[in-house]
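The values are calculated or read from the model by the stated rules, or taken from the named source; none is laboratory data. Computed from a predicted structure; not experimentally measured. Ideal geometry is used to build each Cβ from the backbone, glycine not excepted, and the neighbour counts take in all protein chains shown. Surface areas here come from the heavy atoms of the whole protein model, side chains and all, with no ligands, DNA or RNA. Shrake-Rupley method; radii C 1.70, N 1.55, O 1.52, S 1.80 Å.
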Amino acid sequence: MNNPAIPYKIYLHEHEMPGQWYNMRADMQKKPAPLLNPGTKQPMTLEELSGVFCTELARQELDEATPYVDIPEEILKFYKMYRPSPLVRAYCLEEKLKTPANIYYKFEGNNTSGSHKLNSAIAQAYYAKKQGLKGVTTETGAGQWGTALSMACSYFDLDCRVYMVKVSYEQKPFRREVMRTYGASVTPSPSDTTAIGRKILQEHPGTTGSLGCAISEAVEAATTTEGYRYVLGSVLNQVLLHQSIIGLETKAALDKYGIVPDMIIGCAGGGSNLGGLIAPFMGEKLRGEKDYRFIAVEPASCPSFTRGKFAYDFCDTGNVCPLAKMYTLGSGFIPSANHAGGLRYHGMSSVLSQLYHDGYMEARAVEQNAVFEAAEQFARVEGILPAPESAHAIRAAIDEAIKCKETGEAKTIVFGLTGTGYFDMVAYQKYNDGAMSDFIPTDKDLEPGFASLPDLD
Ligand SMILES: *Cc1c(COP(=O)(O)O)cnc(C)c1O
């Protein structure tokens with residue numbers, strides 16, 4: 001093949017941007033198990049889901065048959081402000097590592113929210129607006145999702161109420177301020193504004209909150225306020241659908257130069273960036289057209305894939321959300337402090353869980369110090385200061401590139417660089433001071449979480 005020199009950055013033209021999202025479930029022989037109603041334990045119907053989510057999003061959540069979904073014009077218009085995002089050849093990193101591997105990363109940190117989360121936030125805000133809603137509620141942990149959603153809501157003039165995990169609310173005042181700048185109201189969770197929040201406060205006075213608890217509060221706020229629905233930034237099928245824009249662009253960029261990746265690597269919190277990045281490639285694998293290695297990278301302190309159970313579980317602490325079948329550490333699992341806040345969720349996308357269960361993907365867990373070592377190595381040669389979450393993927397990409405050096409194989413590695421780390425400088429400070437800890441839960445530490453699993457399978 002006549003392959004012109006490959007530029008540092010492969011940008012697509014606007015007209016080369018995908019006009020449709022891709023739904024992996026359509027090509028899965030074995031579909032992910034349905035969401036269950038937490039009360040009746042029966043599959044959630046469209047009507048039931050529509051009480052929590054916007055109707056169109058509920059429809060997307062349940063649709064496992066349609067492979068391609070048109071991206072509405074208004075969303076495409078917004079995407080074009082910061083997309084197509086560049087696919088970058090990491091020439092400098094390759095040189096530094098002296099590896100024969102070809103390394104590429106898809107950079108999603110090119111917008112004010114600083115991560116890929118805006119891709120789904122804008123879609124969810126659009127459907128909420130189209131339904132004539134007044135506003136949406138959500139939770140945020142580290143703050144990336146809340147930031148992305150507040151940007152999306154201000155664009156469509158929707159009210160945005162964010163329940164922010166209390167410890168982050170106090171420790172990350174700047175993220176909070178970005179949200180307020182975009183017009184969102186931010187409440188530290190648990191709060192006394194909801195029944196579940198009051199209950200948690202009574203049972204655990206002085207708690208600094210958790211993602212599962214903030215989800216419960218946001219769902220309660222949405223379902224008890226007229227004209228509001230709840231939105232979620234990861235885990236759900238609809239979010240993976242919206243995030244497929246990442247993978248579709250990546251594939252278009254690679255195809256342009258005749259590049260075929262050997263492996264695709266992404267960090268995994270709830271699975272949305274990874275699910276989006278691998279989507280069209282996984283589609284080829286599922287249809288038997290091509291083969292790739294897919295690697296999910298998670299923190300050793302919150303190892304949902306590598307040490308979790310594949311079971312139905314609650315998505316939140318208050319057990320008000322639908323049950324999902326997924327790799328999970330149990331909704332009662334409390335992860336230790338880890339600086340990759342976006343990867344501290346107990347569960348995992350049920351699409352990715354099913355694919356992993358069926359052997360289509362691999363997963364590995366990495367420790368915090370090794371992650372920050374990779375982050376700094378990357379920042380120093382590639383110029384981008386990565387989010388701690390993204391640095392999990394960098395760690396695995398570097399490890400694979402070093403393996404190539406040992407075997408002399410010129411493999412092509414693509415990884416997702418989900419965002420920038422400017423709001424995570426306290427974590428970098430800890431690492432630079434040599435004060436970062438590596439915590440790996442023992443089997444005994446995992447027991448209480450597993451004990452909280454509902455008895456359903
Ligand atoms: C939220 C977040 C993640 C993890 O979420 P997924 O749904 O697993 O993609 C990764 N990187 C960044 C920068 C994030 O903000």
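For the stretch 126-281, give the percent of accessible area contributed by carbon and sulfur heavy atoms, probe 1.4 Å, rounded to a whole number.
Values: 2530 of 5080 Å².
Carbon-and-sulfur percentage of accessible area, whole number: 50.
Under a straight-distance cross-link criterion of Cα-Cα below 24 Å, which lysines are reachable from Lys129, leaving out those fewer than 8 residues away in the same chain?
Once the sequence-local lysines are set aside, what remains near Lys129 is Lys77, Lys80, Lys117.
Testing the spin-label approximation: label points 7 Å from Cα along Cα→Cβ at Arg287 and Ser336. State their distance in nm.
If labels sit at Arg287 and Ser336, their model points lie 4.5 nm apart.
Calculate, in nm to one decimal, what Gln202 and Glu226 gain on full extension: separation in residues at 0.36 nm each, minus their alpha carbon distance.
Full extension of this stretch gives 5.9 nm more.
Please list, in order along the stretch 57-72, the HN-Hα scalar couplings obtained from phi with the Karplus expression 6.51 cos²θ - 1.76 cosθ + 1.60 (θ = phi - 60°), rounded to whole Hz, x for Gly and Pro.
Values, residue by residue: 6, 5, 5, 4, 4, 8, 7, 10, 10, 7, x, 10, 10, 4, 7, x Hz.
Determine which residues of the stretch 282-325 fall in the zone a paramagnetic label at Glu447 would reach in this model, i.e. backbone nitrogen under 19 Å from the point 7 Å along Cα→Cβ.
303, 307-309
Once amide H atoms are placed 1.01 Å from N in the peptide plane, what residues at a sequence separation of 5 or more from Ser115, or on another chain, have their amide H within under 5 Å of its amide H?
Sorted by chain and number, the residues that satisfy this come to none at all.
For Ala410 and Glu73, calculate 0.36 nm times their separation in residues minus their Cα-Cα distance, and state this gained length in nm to one decimal. If you can, show how the numbers build up before the last one.
On the way: separation 337, 0.36 × 337 = 121.32 nm, distance 4.07 nm.
Fully extending the segment from Ala410 to Glu73 adds 117.3 nm.
Could you tell me how many degrees, from 0 to 90 and to the nearest 10, lie between the Cα long axis of helix 272-286 and the main elongation axis, the longest principal axis, of the Cα atoms of the chain?
60
For the stretch 197-212, just list the computed ³J(HN,Hα) in residue order, Karplus coefficients 6.51, -1.76 and 1.60, θ = phi - 60°, integers in Hz, with x standing in for Gly and Pro.
x, 5, 5, 5, 5, 5, 6, 10, x, x, 5, 9, x, 8, 4, x
Remind me, relative contact order of the chain in percent, using alpha carbon pairs under 8 angstrom and six or more residues apart?
Numbers: 988 pairs, mean separation 89.4, N = 457.
Normalised by residue count, the contact order of the chain is 20 percent.
Compute the orientation-averaged projected area for the chain from the convex hull of its Cα atoms and round it to one decimal in nm². Walk me through the intermediate numbers first.
Working: hull surface 82.0 nm².
Its Cα hull, projected and averaged over all orientations, spans 20.5 nm².
Using only the alpha carbon atoms of the stretch 31-115, find the Kirkwood hydrodynamic radius as the inverse mean reciprocal pair distance, in angstroms to one decimal.
Numbers: mean 1/r = 0.0584 Å⁻¹.
About 17.1 Å for the stretch 31-115.
For Lys403, go through the lysines and keep the ones whose alpha-carbon is under 19 Å away, minus same-chain ones fewer than eight residues off.
Lys96, Lys98, Lys411
Using each residue's phi in the stretch 326-336, evaluate 6.51 cos²θ - 1.76 cosθ + 1.60 at θ = phi - 60° and report the 3J(HN,Hα) Karplus result to the nearest Hz, with x for Gly and Pro.
These are the phi-based 3J(HN,Hα) values: 7, 6, 8, 9, x, 5, x, 6, 10, x, 5 Hz.
In whole Å, how far is the Cα centre of the stretch 298-326 from that of the stretch 208-273?
What the calculation gives is 16 Å, centre to centre.
I'd like to know how the stretch 207-359 sits against the 2.2 N^0.38 Å rule of thumb: what's its Cα Rg over that expected value? Numbers along the way, then the final one.
Numbers: Rg = 16.7 Å, N = 153, 2.2 N^0.38 = 14.9 Å.
Taking N as the residue count of the stretch 207-359, the ratio is 1.12.
Taking only protein heavy atoms into account and a 1.4 Å probe, give the accessible area per residue of the stretch 118-166 in Å². Numbers along the way, then the final one.
Values: 1160 Å² over 49 residues.
Result: 24 Å² per residue.
Using Cα positions and a limit of under 15 Å, work out the aspartates and glutamates in reach of Lys430, with same-chain residues fewer than 8 apart set aside.
Counting by Cα, and skipping residues close in sequence, Lys430 has these aspartates and glutamates nearby: Glu367, Glu373, Glu376, Asp438.
Helix-derived [θ] at 222 nm for the chain: sum -39500 (n - 2.57) over DSSP H runs of at least 4, divide by residue count, nearest 500?
On the way: 18 runs with 192 residues, N = 457.
Computed ellipticity for the chain at 222 nm equals -12500 deg cm²/dmol.
Using the Cα centre as the reference, give the magnitude of the dipole from point charges on the C-beta atoms of the chain (Lys, Arg: +1; Asp, Glu: -1; all else neutral), rounded to the nearest 20 debye. Don't skip to the end; give the middle numbers.
On the way: 44 positive and 53 negative charges, 104 e Å.
I would put it at about 500 debye.
For the chain, take the longest principal axis of its alpha carbons; what is the angle in degrees between that and the long axis of helix 237-256, to the nearest 10 within 0 to 90?
The angle comes out near 10 degrees.
How much length, in nm to one decimal, is gained on full extension between Lys80 and Gln29, taken as 0.36 nm per residue of separation minus their Cα-Cα distance?
Values: separation 51, 0.36 × 51 = 18.36 nm, distance 3.41 nm.
Value of the extension gain: 14.9 nm.
Evaluate the Kirkwood expression for the hydrodynamic radius of the stretch 249-314, namely the inverse of the mean inverse distance over all pairs of different C-alpha atoms, and round to one decimal in Å. Each step should come with its number before you reach the end.
Working: mean 1/r = 0.0745 Å⁻¹.
Mean inverse Cα-Cα distance, inverted, gives 13.4 Å.
If you roll a 1.4 Å probe over the heavy atoms of the protein chains, what accessible area per residue do you get for the stretch 193-339, in Å²? Intermediate results must be reported in sequence, preceding the final value.
Values: 4320 Å² over 147 residues.
Per residue, the stretch 193-339 has 29 Å² of solvent-accessible surface.
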